[in-house]
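**Q** First the structure, which I've put down as structure tokens, then a few questions once you've had a look.
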Amino acid sequence: MKNWIILSVLLVATILANIPKTMACDVCGCGVGSYYLGILPDFNKRFIGLRYQQNRLQTHLGSNGIRTPNSTNETYRTMELWGAWNFGNKWRVLAIVPYSFNERTVGTNTLETGKKNGLGDIVVMGHYKLFDDAHTTSSNKLLMQSLWVGAGIKTPTGTYDTSEQSSAEMGAPNNFQLGTASTDFMINAAYDIRLMDAGVNVNTTYKINTENKHDYRYANKLTVNALAYYKFNIKNKVRISPNAGVLYETQSKDVLYNRFDVAQSGGQSTIGIAGVEINVGAISIGGNFQSPLSQNLADGRIKAGNRFMTHVSFSF
């Protein structure tokens, strides 16, 4: 078991040390690219719940990120039905069904607004628990570790607007979508280590995008987040877990017709996260605030704003 623990730590360290320094966009978690997992609610068998996420972007910026009369403010609001089911002690299935409310305003004219509401791309992921270890240290403290690995599929259930792609062919971004019109795949690893009530959770997802029927391919995307947390147990009835950490996203430029890079795509961002999780019996509620620490999106032509997420979940 000690060998498994050492290998797991090396695996997580290798993932963090070898993040490719390419460019990224789906973009900074907005639009069709938001599948942030973070710390799952506490549950033994299964849970179901609702998550709400809100992300903001400024696009069509001029050189050096200067706003122009054609610059836009984009807001992406997503309500997600999500849940997970454990099968035995080793297997887990997770599903996310998003419904999005997208809004875009051009320049300072609030009357010139575009909206898109509808079902997004449904995600199903399966995980296997590679190991789960708990033992007492030499100082008589409880040390617990677990490592889940898995893979998933994103189905093309969301509407894809080809007029946005036509704009992308002319140099605009292609983020203002409900779906990608492509079947995409994900691999994921989630590692958690906790000494008594203090712990660290590391979650890594690599999303492999395929070309859709309109000859557009969103670039593959790597997401890594690490969160430190502390569990406060109040009278064995309420658990409050504040957490803080960083999220890193990177992605190369989108591709048209299997050969042309999309100008306003690509970039990378590092985001600070602060949040809290609260468990009362079978009910879990939580949320976090995410603020960019550094970013370089679409060669400075896109700027990501703050975002936040909240959820309520029920385990049964």
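The values are calculated or read from the model by the stated rules, or taken from the named source; none is laboratory data. Treat the numbers as computed from the prediction; the structure is a model and nothing was measured. FYI the Cβ positions are ideal-geometry reconstructions off the backbone, even for glycines, and counts take in every protein chain you see.
**Q** So how many residues does the range 223-237 have that are among the aliphatic types (A, V, I, L, M) and in contact (Cβ under 8 Å) with a residue 60 or more places away in the chain?
**A** Selection size over the range 223-237: 3.
**Q** Just one of (1) within 17 Å of residue 224 (Cβ to Cβ); (2) modelled with pLDDT of 95 or more trips up residue 295, so point out which.
**A** Result: residue 295 passes all but (2).
**Q** Give the residue, chosen from 189, 219, 226, 244, that is assigned to a loop (DSSP other than H, G, I, E, B) and small (Gly, Ala, Ser). Write out each step before concluding.
**A** Numbers: 189 fails: assigned to a loop (DSSP other than H, G, I, E, B); 226 fails: assigned to a loop (DSSP other than H, G, I, E, B); 244 fails: assigned to a loop (DSSP other than H, G, I, E, B).
Step by step, each of 189, 219, 226, 244 is checked, and only 219 is assigned to a loop (DSSP other than H, G, I, E, B) and small (Gly, Ala, Ser).
**Q** Applying the selection to the range 158-193, what residues are among the acidic types (Asp, Glu) and more than 28 Å from residue 227 (Cβ to Cβ)? Before you say what the answer is, go through the steps one by one.
**A** Restricting attention to the range 158-193, the residues satisfying the condition of being among the acidic types (Asp, Glu) are 161, 164, 169, 184, 192.
Those that are among the acidic types (Asp, Glu) and more than 28 Å from residue 227 (Cβ to Cβ): 161, 164, 169.
**Q** Can you confirm whether the range 262-277 contains a residue that is out of contact with any Ser or Thr (no Cβ under 9 Å at 6 or more places or on another chain) and more than 21 Å from residue 38 (Cα to Cα)?
**A** yes
**Q** Check off (1) under 27 Å from residue 270 (Cα atoms); (2) modelled with pLDDT of 55 or more for residue 47 and give me the number that stays unchecked.
**A** (1)
**Q** Taking only the range 256-282 into account, find how many residues are hydrophobic (A, V, I, L, M, F, W, C) and out of contact with any Pro (no Cβ under 9 Å at 6 or more places or on another chain).
**A** Here the count works out to 6.
**Q** Out of the range 222-259, which residues are surrounded by fewer than 14 Cβ atoms within 10 Å (Cβ to Cβ) and within 30 Å of residue 166 (Cβ to Cβ)?
**A** Result: 257, 258, 259.
**Q** Of these, 179, 158, 152, which one is closer than 19 Å to residue 255 by Cβ, surrounded by 21 or more Cβ atoms within 10 Å (Cβ to Cβ), in contact (Cβ under 8 Å) with a residue 12 or more places away in the chain and of a type outside the set (Lys, Arg)?
**A** Criteria check complete, one pass: 179.
**Q** Which of the residues that make up the range 194-221 are surrounded by 19 or more Cβ atoms within 10 Å (Cβ to Cβ) and aliphatic (A, V, I, L, M)?
**A** Answer for the range 194-221, where residues must be surrounded by 19 or more Cβ atoms within 10 Å (Cβ to Cβ) and aliphatic (A, V, I, L, M): 202, 219.
**Q** Which of (1) over 20 Å from residue 55 (Cα atoms); (2) out of contact with any Lys or Arg (no Cβ under 8 Å at 6 or more places or on another chain); (3) surrounded by fewer than 21 Cβ atoms within 10 Å (Cβ to Cβ); (4) hydroxyl-bearing (Ser, Thr, Tyr) does residue 315 not meet, given it meets every other one?
**A** If we test residue 315 against (1) over 20 Å from residue 55 (Cα atoms); (2) out of contact with any Lys or Arg (no Cβ under 8 Å at 6 or more places or on another chain); (3) surrounded by fewer than 21 Cβ atoms within 10 Å (Cβ to Cβ); (4) hydroxyl-bearing (Ser, Thr, Tyr), just (2) comes out false.
**Q** Spot the failing condition for residue 165; the list is (1) in a strand (DSSP E or B); (2) touching a His at 6+ places or on another chain (Cβ under 7 Å), and only one is missed.
**A** (1)
**Q** Which ones in the range 51-77 are closer than 30 Å to residue 125 by Cα, polar (S, T, N, Q) and in contact with a Gly (Cβ under 7 Å, 6 or more places away or on another chain)?
**A** Answer for the range 51-77, where residues must be closer than 30 Å to residue 125 by Cα, polar (S, T, N, Q) and in contact with a Gly (Cβ under 7 Å, 6 or more places away or on another chain): just 55.
**Q** So, in the range 76-113, of the ones that are loosely packed, with under 14 Cβ neighbours inside 10 Å and farther than 16 Å from residue 60 by Cα, which residue ends up modelled with the lowest pLDDT?
**A** 111
**Q** Looking only at the range 285-299, count every residue that is under 17 Å from the mean Cα position of the chain (by Cα) and within 14 Å of residue 58 (Cα to Cα) and tell me the total.
**A** 3
**Q** How many residues, within the range 247-306, are hydrophobic (A, V, I, L, M, F, W, C), in a loop (DSSP other than H, G, I, E, B) and under 22 Å from residue 68 (Cβ atoms)?
**A** Residues meeting the conditions: 2.
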